[in-house]
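A short write-up of the structure that comes next.
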Amino acid sequence: IKRYNQMCELVGLKPAHRILDVGSGNGLSFEIFNKENEITGLDLDAKTSIKRNKFKYVQGDGSDMHMFKNKEFDLVVCVGVFEHVHPYEKMRNMAEEIRRIGKGYVILIPHFWTIIEPHYQVPFWQLYPRSLKMFLTKHFNLGNYYKNEKGEYEVLNYFRKSGWEKLFPDGEVFSYNHIGPGIIKNFIVFRKINA
């Protein structure tokens, strides 16, 4: 709830603002905290389990949101998605679409220097060499991931602040300690509504 409140404060969210949540999933990162705003959820899945008033669901890809007009939403939200998007060109297209569709936006991604990587839940996982990641994923259950015979692992996008500024040149990048003093840390990339 603290992280949600910080995101809302940064962008100046008000109850009358219309929101698009890109990568809404089951609504556990944004919709669960918001009971006031009209929200449209967009996700690759064919359906969602989100049950709330003022919610509409659209199946689609965040890198091609042609179904929405320029500045159609007051705020575009994207929580915990960008680190999973590949290749870089698709991620760049998604950033451009978010900037096009929203009067404001707020993006949450893991910080490059987070101590505990939130997906694998291993200290400084993002800095390990590929060979060590393959060994660990082959022999151990890590975070939400289970042992893989081939040692395959998900390559996650970890950029420094300048990398996110390149994708969102009209926004600001805020460092947020989600748990403790940097134990799990996020970047919040945002552009204020009506900025």
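The values are calculated or read from the model by the stated rules, or taken from the named source; none is laboratory data. Just so it is clear, the model here is predicted, and its values are computed rather than measured. Positions of Cβ are generated from backbone atoms using ideal geometry, with glycine treated the same way; all protein chains shown enter the neighbour counts. The area values use the complete protein model at the heavy-atom level, side chains included, leaving out ligands, DNA and RNA. Shrake-Rupley method; radii C 1.70, N 1.55, O 1.52, S 1.80 Å.
Summary of computed values
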quantity: Number of positions in segment 123-140 that are under 16 Å from Gly180 (Cα atoms) and either of a type in the set (S, T, N, Q) or touching a Phe, Trp or Tyr at 6+ places or on another chain (Cβ under 9 Å) (or both); calculated: 1
quantity: Qualifying strands (runs of 3 or more DSSP E) (wholly inside segment 34-150; at least 2 residues being under 27 Å from Lys185 (Cα atoms)); calculated: 38-43, 73-79, 102-110
quantity: Scan of segment 142-162 for residues that are surrounded by 10 or more Cβ atoms within 10 Å (Cβ to Cβ), of a type outside the set (Asp, Glu) and over 17 Å from His111 (Cβ atoms), ordered by number; calculated: Leu142, Asn144, Tyr145, Lys147, Asn148, Gly151, Tyr153, Val155
quantity: Hits in segment 72-94 - residues which are open to solvent by less than 10 Å² (accessible area, probe 1.4 Å) and within 24 Å of Lys14 (Cα to Cα); calculated: Phe73, Leu75, Val76, Val77, Cys78
quantity: Within segment 31-71, considering residues that are closer than 25 Å to Lys192 by Cβ and among the hydroxyl-bearing types (Ser, Thr, Tyr), the one surrounded by the fewest Cβ atoms within 10 Å (Cβ to Cβ); calculated: Ser63
quantity: Among residues of segment 12-55, those that are of a type in the set (A, V, I, L, M), within 17 Å of Val81 (Cβ to Cβ) and in contact (Cβ under 8 Å) with a residue 60 or more places away in the chain, counted; calculated: 2
quantity: Which listed residue is acidic (Asp, Glu), open to solvent by less than 40 Å² (accessible area, probe 1.4 Å) and touching an Asp or Glu at 6+ places or on another chain (Cβ under 8 Å), from Glu117, Glu97; calculated: Glu97
quantity: Qualifying residue in segment 56-68 (condition: touching a Phe, Trp or Tyr at 6+ places or on another chain (Cβ under 6 Å) and modelled with pLDDT under 95); calculated: no
quantity: One residue from Tyr176, Tyr153 being among the hydroxyl-bearing types (Ser, Thr, Tyr) and in a loop (DSSP other than H, G, I, E, B); calculated: Tyr153
quantity: Test: residue in segment 126-141 that is touching a strand residue (DSSP E or B) at 6+ places or on another chain (Cβ under 6 Å), at negative phi and either free of Cβ contacts under 8 Å to residues at least 60 places away in the same chain or not hydroxyl-bearing (Ser, Thr, Tyr) (or both); calculated: no
